[in-house]
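The values are calculated or read from the model by the stated rules, or taken from the named source; none is laboratory data. All values reported here derive from a predicted model rather than from experimental measurement. Quick reminder, even Gly has a Cβ in these numbers, built from the backbone with ideal geometry, and neighbours come from all protein chains shown.
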Amino acid sequence: MKLTKTIFWCMALSLVLLSSCSSPTKEAATLLIYGGPIYTVDSTQTTVEAVATKDNIILFAGNLTEAELYKDDKTQIIDLEGKTMTPGLIEGHGHFMGLGYNELNLDLMNTKSYQEIVDAVAEKVKTTPPGEWIVGRGWHQSKWTTMPEEMVKGFQTHDLLSSVSPDNPVYLSHASGHAGFANAKAMEIAGLQLLPKEGIDQFEVEGGEVMRDQIGRPTGIFNERAQTIIRKHIPETTTEKNNQAFELAVAACHRNGITGFHDAGIGKETIALYEAMKTADKMKIRMYAMLTGWDKDLVTEWYKKGPMVDPDHLVTIRSVKLNCDGALGSRGAWLLEPYTDRPDHFGHETLPMDFVKETALNGLRNGFQVCSHAIGDRANREILDRYEAALEEVTDANTDHRFRIEHAQHLHPDDIPRFAELGVIPAMQAVHMSSDRPWAIDRLGEKRIKEGAYMWQDLLQSGIPIVNGTDVPVEPLNPIASLYASVSRKTLKGTPEGGFEPEQKMTRAQALRSYTLDAAYGAFEEDIKGSITVGKLADFTIYNQDLMKVPEDDFLKTEIAMTIFNGEVVYTIQK
């Protein structure tokens, strides 16, 4: 009897030991998500049933049965109830504080005529003390449904604006940010007066243009670098307003499913603000910030101390942004051949190309990525030439430079394969095609449009990834609009049937990747974010419908249902 009991207990102990060895205790998840399509953007398993996270790290991604083994009584459960989840979306090129200030200042994004701008300013004058500046942004003359009677070089004149704001200086930035519109009071403060024609040279600005009528009077339009004539007189903002704009921008990102943001050009003040926001635990977005290249003292200081790669992955600075030409809308993009609708004009080189090469050399030697704004085909070619020259000169540099061209909107066909050959990443905002293509053909003509504008599929097939985004506040932050443009090549009104140059459409998988893993790659962060992969950061975007399968006609009905940042729900849609 004793022997039998001994054998029994030995067998029981063996089973316990065997069980404990074959099923080790799993780490408990803080969050378990399941119940709808989950697209991982991970090539090893493109879809999963469930995701478990611990704090801000992905613990498991796979089938629901196994995921539930990570659950305990403290695990938060999110049932998607049929909704769709992807990695957190990354805005690949935007202006973060511009986003916030667009909500504080006059937002002219949706104005459809000059009269609507005048009306908006007239309304603002009612609540603004005399002498105080009125600023805004977002107008775009090529998108107006009706045009004013008086125009000079394709732009309105200031007379109507000035008549409703005689006592307030007004400056309204073009949607692109590459031009601005001032009233008479603002020009008076800047010292601009009616001059005879022989005095016009006084207002010539290298890399810019003060537009003037036939008798030499300034029209109120300041193109490219000429904007500084007015902008330097606008009072600096306050700490309180900066903080308010920052928090508004964070909230806007969360509403739009954005968990990462590539901020395209910031200075000392903004760097200090971001550091303060991180210290105050208010940096609820992953910021990849580019130093503004025009501030030589700033970039020299950073070359000496080297890149700042944040171990918390909240504020990283390892790139320099250069502005090398203007925008198509203001005819500032630098072209190889003249504008079709202004045959005497080639656009503007807004930064000397020698400085581009110098910056590329410094970037290679000091570990900084270089990100150059280029919209016109000449600007793109000139920058590729300078990048190539720098790479040939600094042969011992880190070959994984990931230099970028921001926008890469219009390319000469000969330059398209050079991106992959040189390892230069095009950061392109698909929504620009949707907004600009209907009138861009007037600027470039049909041949240049078809051979070199918005060449997404040609670039992807050459072997280089594309970083997507919106260039907010040039366009609204809404990623759904940019994803729709990526896959349809239509305007947001759904025209034309079949899309513009449909052979350049992205597939839905390519479009999603351009907003997630490829955007992370464009910031050297593909190992920590951009896909739903074990060990990566727990940032997710949840949608009300399956954006990978919904019919194209219903794509724009997609809404952000929830945003999860750092393992925490930071936004839930209110119904």
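At a glance:
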item	result
Residue within segment 159-175 that is at pLDDT below 95 and among the aromatic types (Phe, Trp, Tyr) present	no
Qualifying residue in segment 206-214 (condition: in a helix (DSSP H, G or I) and surrounded by fewer than 22 Cβ atoms within 10 Å (Cβ to Cβ))	no
Counted residues, segment 450-463 - those being crowded, with 21+ Cβ neighbours inside 10 Å and part of a loop (DSSP other than H, G, I, E, B)	2
Which numbered condition residue 113 fails, given (1) in contact with a Pro (Cβ under 9 Å, 6 or more places away or on another chain); (2) surrounded by fewer than 17 Cβ atoms within 10 Å (Cβ to Cβ)	(2)
Matching residues, segment 543-569, being of a type in the set (A, V, I, L, M) and either free of Cβ contacts under 8 Å to residues at least 12 places away in the same chain or more than 19 Å from residue 36 (Cβ to Cβ) (or both)	550, 556
Of residues in segment 256-277 being in contact with a Pro (Cβ under 8 Å, 6 or more places away or on another chain) and in a loop (DSSP other than H, G, I, E, B), the one farthest from residue 477 (Cα to Cα)	257
Residue satisfying condition, being charged (D, E, K, R), crowded, with 24+ Cβ neighbours inside 10 Å and not in a helix (DSSP H, G or I), within set 400, 471	471
Complete set of residues in segment 529-544 that are assigned to a loop (DSSP other than H, G, I, E, B) and either surrounded by fewer than 18 Cβ atoms within 10 Å (Cβ to Cβ) or among the aromatic types (Phe, Trp, Tyr) (or both)	534, 535, 544
Subset tally (residues that are at pLDDT below 85 and either under 33 Å from the mean Cα position of the chain (by Cα) or in a strand (DSSP E or B) (or both)) for segment 179-202	0
Residues that are modelled with pLDDT of 90 or more and buried (at least 16 other Cβ atoms within 10 Å of the Cβ), drawn from segment 142-151	144, 148
Among the candidates 361, 336, 351, 298, residue that is surrounded by fewer than 19 Cβ atoms within 10 Å (Cβ to Cβ), in a loop (DSSP other than H, G, I, E, B) and more than 20 Å from the chain's Cα centre (by Cα)	336
Tally, over segment 364-380, of residues that are outside any helix (DSSP H, G or I) and crowded, with 18+ Cβ neighbours inside 10 Å	9
Output for segment 411-435, where each listed residue is modelled with pLDDT of 95 or more, more than 15 Å from the chain's Cα centre (by Cα) and under 24 Å from residue 263 (Cβ atoms)	419, 423, 424, 434
Meets criteria (acidic (Asp, Glu) and at pLDDT below 90) for residue 119	no
Meets criteria (touching an Asp or Glu at 6+ places or on another chain (Cβ under 8 Å) and at negative phi) for residue 116	no
Segment 546-575: number of residues that are part of a loop (DSSP other than H, G, I, E, B) and either hydrophobic (A, V, I, L, M, F, W, C) or in contact with a Gly (Cβ under 9 Å, 6 or more places away or on another chain) (or both)	5
Residue count, segment 32-50 (criterion: among the aliphatic types (A, V, I, L, M) and over 28 Å from the mean Cα position of the chain (by Cα))	4
